[in-house]
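Undergrad: Below: one structure in structure tokens.
The values are calculated or read from the model by the stated rules, or taken from the named source; none is laboratory data. Here the structure is a predicted model, which is why all the values come from computation and not from measurement. Backbone-built Cβ (ideal geometry, glycine too); neighbour counts: all protein chains shown. In case anyone asks, the SASA skips ligands and DNA or RNA and just uses the protein heavy atoms, side chains included. Shrake-Rupley method; radii C 1.70, N 1.55, O 1.52, S 1.80 Å.
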Amino acid sequence: MVILLLLAEGGLRLAGIARPAFYRYDPVRGFSHRPGARGWWTEEGTGWVSINRAGFRDGDHSAQPITGVLRVAVLGDSFSEAFQVNQNQTWWQQLQNQVNGTRPCTITAAYPKGIELLNFGVGAYGTGQELLTWLTNGRQSRPQLVLLAMFLGNDLDDNTPRSRDDRPVFRLDPSGKLQLDNSFRQSPASRFRQSWPGRSLNWLVEHSRLVQLLNAAKNRAANPAVPQLRPNKRNEGPPRAAPASPSGWALTAALIKRLNQEVQASGAQLIVISLTSPEQVWPNRRQRPAKPFAREQQLEALLQPLGISYFPLAPTLQQQADIQGLSLHGFPGQQPGLGHWNANGHRLAAVALSRRLCAKPLGER
């Protein structure tokens, strides 16, 4: 049996077959990226993924900012993680390239060596985990600007306070103060991952191609592909966004307020951007909701009293998608218009953001 397992392991390595596990247990954020993990992502779209030493989908960066360069930290979820495309196609990498190649630009006028973006986006994160990412990783990189990239299609639901066994949960106490609930650490799954057998299995997942394949098969069986992503010949409209409860909005407001305080305490500025949801840029315009930007308007009303700059991408990207006849969400072999941004979505987002950043001086709303 041992000989057969060794032969299977050697055969997989010779054939170049790997199914790297990009995520791992994290005692602070629930889960995070596995530093040094590399390989192809094929669950939706196709992208070569490389996780840096800090544990994020990005290249390695110097510990200290470079003189004359504006360092920007990106906090976000799977749209910023962007496993579905290659790194050079992600909105944040293209944004860096476009700002550095744009003249005139208010940023390059103040920072002659351009802009450097550091990506801290992790799939399935809500605003609470993004706040923890800033506290544990982001602020150590000493950026001057922080972009909070929100996906209003599910962030509000992610922020709704309820017990979770895979992540920490923020709640509001009776006085309205944020309270952090780390009870996920006591869940059976978390306790196993912290045990000796769990750590041993984690080591095998990192080093054995055979165990990687078995782990991938286990995950696929536990989380089958979302049926909505499959091609649909019945011409059904877009799915509705995840619900947004009053408690979800209240906690979102408190989390952004706290993040803004922490960012300012580090000497940086926070800008909130919101991405597009599939229903807002649905290929069939007649099937879009009557008020596609209602959540953007509510978020703007929430941010204005806090003095936080806000740029909603959805109106601009909807207009550009319609003019150019493009689908911004979805990939070949899947239902057009659903899922994450494809290359079109990332490209249009980078163009819109670069124009916004280059047009207005930092600090101007």
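Undergrad: Checking the structure you have, find out if any residue of the stretch 208-226 is exposed (fewer than 11 other Cβ atoms within 10 Å of the Cβ), under 30 Å from Leu6 (Cα atoms) and either of a type in the set (Lys, Arg) or modelled with pLDDT of 90 or more (or both).
TA: Yes: one or more hits.
Undergrad: Wholly within the stretch 49-158, which helices (runs of 4 or more DSSP H) include no fewer than the required count, namely at least 1 residues that are within 17 Å of the chain's Cα centre (by Cα) and either surrounded by 19 or more Cβ atoms within 10 Å (Cβ to Cβ) or hydrophobic (A, V, I, L, M, F, W, C) (or both)?
TA: Where helices (runs of 4 or more DSSP H) fall fully within the stretch 49-158 and carry at least 1 residues being within 17 Å of the chain's Cα centre (by Cα) and either surrounded by 19 or more Cβ atoms within 10 Å (Cβ to Cβ) or hydrophobic (A, V, I, L, M, F, W, C) (or both), they are 78-81, 91-100, 127-133.
Undergrad: Next up: Collect the residues in the stretch 81-112 that are among the hydroxyl-bearing types (Ser, Thr, Tyr) and touching a strand residue (DSSP E or B) at 6+ places or on another chain (Cβ under 8 Å), keeping them in residue-number order.
TA: Those that are among the hydroxyl-bearing types (Ser, Thr, Tyr) and touching a strand residue (DSSP E or B) at 6+ places or on another chain (Cβ under 8 Å): Thr90, Thr108, Tyr111.
Undergrad: To continue, here is another question. Considering the stretch 178-203 alone, what residues qualify as being in a helix (DSSP H, G or I) and open to solvent by 70 Å² or more (accessible area, probe 1.4 Å)? First the steps, then the outcome.
TA: The initial filter retains those residues of the stretch 178-203 that are in a helix (DSSP H, G or I), namely 183-186, 188-194, 196-203.
Arg185, Gln186, Pro188, Arg191, Phe192, Arg193, Gln194, Trp196, Arg199, Leu201, Trp203, listed by residue number.
Undergrad: Something else about it: Name the residues in the stretch 159-171 that are open to solvent by 50 Å² or more (accessible area, probe 1.4 Å) and modelled with pLDDT of 95 or more, would you?
TA: Scanning the stretch 159-171 gives a single hit, Arg171.
Residue-wise test of (1) small (Gly, Ala, Ser); (2) under 24 Å from Asp322 (Cα atoms); (3) modelled with pLDDT of 95 or more.
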residue	(1), (2), (3)
Pro239	no, yes, no
Thr252	no, no, yes
Arg258	no, no, yes
Val281	no, yes, yes
Arg286	no, yes, no
Arg295	no, yes, yes
Leu299	no, no, yes
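Undergrad: A follow-up question, please. Determine, yes or no, whether Ser175 is modelled with pLDDT of 90 or more, assigned to a helix (DSSP H, G or I) and polar (S, T, N, Q).
TA: For Ser175, the condition - modelled with pLDDT of 90 or more, assigned to a helix (DSSP H, G or I) and polar (S, T, N, Q) - is not met.
Undergrad: Quick one: in the stretch 34-48, of everything that is closer than 19 Å to His340 by Cα and among the hydrophobic types (A, V, I, L, M, F, W, C), which residue is least open to solvent (accessible area, probe 1.4 Å)?
TA: Selected residue: Trp41.
Undergrad: Same structure again: Within the stretch 159-172, track down each residue that is of a type outside the set (Val, Ile, Thr), outside any loop (DSSP other than H, G, I, E, B) and in contact with an Asp or Glu (Cβ under 9 Å, 6 or more places away or on another chain).
TA: Phe170, Arg171
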